[in-house]
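The values are calculated or read from the model by the stated rules, or taken from the named source; none is laboratory data. Source: prediction; values computed, not measured. Because the Cβ atoms are built from the backbone with ideal geometry, glycine has one as well, and the counts that use them run over all protein chains shown.
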């Protein structure tokens, strides 16, 4: 446990020195929140669905956590190319421990960025249904962050260049976000979109956050927690296995 804690703190220190990147990563969530939230708000309201900011904000928070988590894997490729990873792997600790520490560090940063976006959403007019729901919000954010940080680590363990990682991530992450129900309700959608949403792990993170923050959900709290917990365990195992097979 001490080795995991050391790696976790080391990752947090690395991210804390890159404040510009953390601030820059908030640009896209703000664009979606302001551009879509206010741009399509009147259309959404005329359709009888209420306040679009209320619906959209949990999805924007989930998007922030997703992008920050997944692209933390690029740190692994950076360390691999410039020799820092070799220095880490020669430490007398299991590689699984190193992977868990890195994952927790990346997930912590993703959750912190998600909390910043929650505050921005509140300033934009979003209202939480109850303060007592905030602990459940944190649970869903943490599970989503760990899940996709482990996923980013697993993909980065298989690749050795930045371009390949970015291409794969954009090919997977953007469809994952747009087809998760973050931007539109999953009720009464075409059957194909419904099936894709059910198979999409981010859908359960978005649904859980929406359920916690505004009390509206599609799958149900027990389903969201069960799917996220199971997938997080699977991705941690897969990420740890692939990380342990890295050849330097």
query = Among all residue pairs at least 6 apart or on different chains, which show Cβ distances below 6 Å where the first residue, located in region 143-161, is more than 20 Å from residue 227 (Cα to Cα) and the second is in a loop (DSSP other than H, G, I, E, B)?
reply = 157/246
query = Restricting the search to region 125-164, which residues are touching a helix residue (DSSP H, G or I) at 6+ places or on another chain (Cβ under 6 Å) and not in a helix (DSSP H, G or I)?
reply = 125, 126, 128, 129, 159
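Out of region 185-206, which residues are touching a helix residue (DSSP H, G or I) at 6+ places or on another chain (Cβ under 8 Å) and farther than 18 Å from residue 173 by Cβ? Talk me through it step by step, then tell me what you get.
To start, the set of residues in region 185-206 that are touching a helix residue (DSSP H, G or I) at 6+ places or on another chain (Cβ under 8 Å) comprises 185-186, 189, 197, 200-206.
The answer is 185, 186, 189.
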message = Among the residues that make up region 95-104, is at least one of them at pLDDT 85 or above, within 26 Å of residue 26 (Cα to Cα), within 15 Å of the chain's Cα centre (by Cα) and not in a loop (DSSP other than H, G, I, E, B)?
response = yes
task = Those residues that are farther than 11 Å from residue 99 by Cα and touching a residue at least 24 places away in the same chain (Cβ under 8 Å), I need them from region 239-248; list them, please.
result = 245, 246, 248
